[in-house]
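The values are calculated or read from the model by the stated rules, or taken from the named source; none is laboratory data. The model shown is predicted, which means the values in this text are computed figures rather than measured ones. Backbone-built Cβ (ideal geometry, glycine too); neighbour counts: all protein chains shown. Accessible surface is based on the protein model in full, side chains and every heavy atom, while ligands, DNA and RNA are left aside. Shrake-Rupley method; radii C 1.70, N 1.55, O 1.52, S 1.80 Å.
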Amino acid sequence: FAHTADGIMILDSKRRIVTVNHAFTTITGYEAGEVVGRMFARPQSVKIPGPTIYAVWEDVRSAGRWEGEVWNVRKNGEVYPMRLSLSAVYDQRHGAIDHYVGVFNDISSHKENEERLKFLATHDPLTGLANRSLLNDRLQQAIYSAASYGARLAVVFVDVDRFKYINDTLGHDVGDRLLQVMAERFTSAVAATDTVARLGGDEFVLLLHG
């Protein structure tokens, strides 16, 4: 209990915090003395995608357990995602709920990795521009819009003259920085609704609407 990396809290039958472990303090920033006696999972402090906090507690009361992802707020005001498990513990003599056990862990790094993988699936890792896959999707949407509403669009292909020579004489780090600067300039030169993509190497595509 004392050495686990999971935050653990024991709640009484009215969902007031009775005790917490050290990991609770590490994750939330709250010392035990600041939370003991307080209600856990107030609607204004815990955000749950999908079900409301009331529905969650109803599940715990009826099924004896609930597990899912929630958003909580640390003492410093930072909002963070966590994996939470709530279990009801029953009084064997009377069959009523005697207390609850909550176990949770911070999944911020996991969420960040998920978002990064999603980004890399549709964007060029060097420049942050759209990649070929995202460009194809947006091009199809633009063509459909042009055909349906009589809109106009332009597709502009751009490459860098003597880019291989730049890499060979000045090094790939300089070549990469040149591509990043070009990406920044292209992005600043088009509208927010337009798309700048890098297909690979020194090949860029600008998809311009209207």
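Taking residue 179 as meeting all but one of (1) without any contact (Cβ under 8 Å) to a residue 60 or more places away in the chain; (2) aliphatic (A, V, I, L, M); (3) in a strand (DSSP E or B), write down the number of the exception.
For residue 179, the failing item is (3).
How many residues, within segment 134-145, are open to solvent by 60 Å² or more (accessible area, probe 1.4 Å) and touching a Leu at 6+ places or on another chain (Cβ under 8 Å)?
Number of matching residues: 2.
Does residue 52 satisfy being more than 18 Å from residue 101 (Cβ to Cβ), modelled with pLDDT of 90 or more and surrounded by fewer than 12 Cβ atoms within 10 Å (Cβ to Cβ)?
No.
Assess whether residue 187 counts as being under 20 Å from residue 139 (Cβ atoms), open to solvent by 50 Å² or more (accessible area, probe 1.4 Å), in a helix (DSSP H, G or I) and not acidic (Asp, Glu).
Values: under 20 Å from residue 139 (Cβ atoms): yes; open to solvent by 50 Å² or more (accessible area, probe 1.4 Å): yes; in a helix (DSSP H, G or I): yes; not acidic (Asp, Glu): yes.
For residue 187, the condition - under 20 Å from residue 139 (Cβ atoms), open to solvent by 50 Å² or more (accessible area, probe 1.4 Å), in a helix (DSSP H, G or I) and not acidic (Asp, Glu) - is met.
Counting only residues that are of a type in the set (A, V, I, L, M, F, W, C), open to solvent by 40 Å² or more (accessible area, probe 1.4 Å) and assigned to a strand (DSSP E or B), which one in segment 74-96 is farthest from residue 12 (Cα to Cα)? First the steps, then the outcome.
Filtering segment 74-96 for residues of a type in the set (A, V, I, L, M, F, W, C) gives 79, 82, 84, 86, 88-89, 96.
Those still in the list that are open to solvent by 40 Å² or more (accessible area, probe 1.4 Å) too: 79, 89, 96.
After this cut, where a residue has to be assigned to a strand (DSSP E or B) as well, the list is 79, 89.
Numbers: 79: 26, 89: 10 Å.
By that ranking, first place goes to 79.
Name the one entry in 127, 169 that is in a helix (DSSP H, G or I), of a type in the set (S, T, N, Q) and either touching a helix residue (DSSP H, G or I) at 6+ places or on another chain (Cβ under 8 Å) or over 30 Å from residue 21 (Cα atoms) (or both).
So the residue among 127, 169 that is in a helix (DSSP H, G or I), of a type in the set (S, T, N, Q) and either touching a helix residue (DSSP H, G or I) at 6+ places or on another chain (Cβ under 8 Å) or over 30 Å from residue 21 (Cα atoms) (or both) is 169.
Which condition number in (1) in contact with a strand residue (DSSP E or B) (Cβ under 9 Å, 6 or more places away or on another chain); (2) within 30 Å of residue 199 (Cβ to Cβ); (3) open to solvent by 90 Å² or more (accessible area, probe 1.4 Å); (4) not hydroxyl-bearing (Ser, Thr, Tyr) is the one that residue 65 fails?
So the condition that residue 65 fails would be (2).
When only residues in segment 15-42 that are among the polar types (S, T, N, Q) and surrounded by 16 or more Cβ atoms within 10 Å (Cβ to Cβ) count, which is nearest to residue 56 (Cα to Cα)?
The qualifying residue nearest to residue 56 (Cα to Cα) is 28.
Quick one: is residue 131 modelled with pLDDT of 95 or more, open to solvent by 50 Å² or more (accessible area, probe 1.4 Å) and under 27 Å from the mean Cα position of the chain (by Cα)?
So residue 131 does not fit the description; no.
Please find, among 192, 151, the residue that is modelled with pLDDT under 95, at negative phi and either open to solvent by 60 Å² or more (accessible area, probe 1.4 Å) or part of a helix (DSSP H, G or I) (or both).
Just one listed residue meets the conditions, 192.
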